[in-house]
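Participant: Have a look at this one before I ask anything.
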């Protein structure tokens, strides 16, 4: 199995687990378009699946982003940091 398929499977399994937890309580996964409403269950049970999805997505992005774009993004971040344009300044 290719590593891309493995990452896809991690994301799919994590999303299925997260959606099932919300559905079991009669709720849906919150949208960024909706006002915040805390779920009626303890979200600590979703930390593992959520972290797995986030990590797999980050690895997928890093794998599929062409190297020149990664270099450009890194140099832009260094330029912003060195100019003092960051939170807390």
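The values are calculated or read from the model by the stated rules, or taken from the named source; none is laboratory data. Predicted model, so just to flag it, every value in this text is computed and none were measured. For neighbour counting, all protein chains shown are included, and Cβ atoms are generated from backbone atoms with ideal geometry for every residue, glycine included.
Participant: Pick from the range 20-47 the residues that are surrounded by fewer than 14 Cβ atoms within 10 Å (Cβ to Cβ) and part of a helix (DSSP H, G or I): which of them is modelled with the lowest pLDDT?
Facilitator: 43
Participant: Quick one: which residue in 83, 50 is closer than 21 Å to residue 6 by Cβ and either in contact with a helix residue (DSSP H, G or I) (Cβ under 8 Å, 6 or more places away or on another chain) or at pLDDT below 90 (or both)?
Facilitator: 50
Participant: When you scan the range 59-66, do you find a residue that is out of contact with any helix residue (DSSP H, G or I) (no Cβ under 7 Å at 6 or more places or on another chain), modelled with pLDDT under 90 and in a loop (DSSP other than H, G, I, E, B), even just one?
Facilitator: yes
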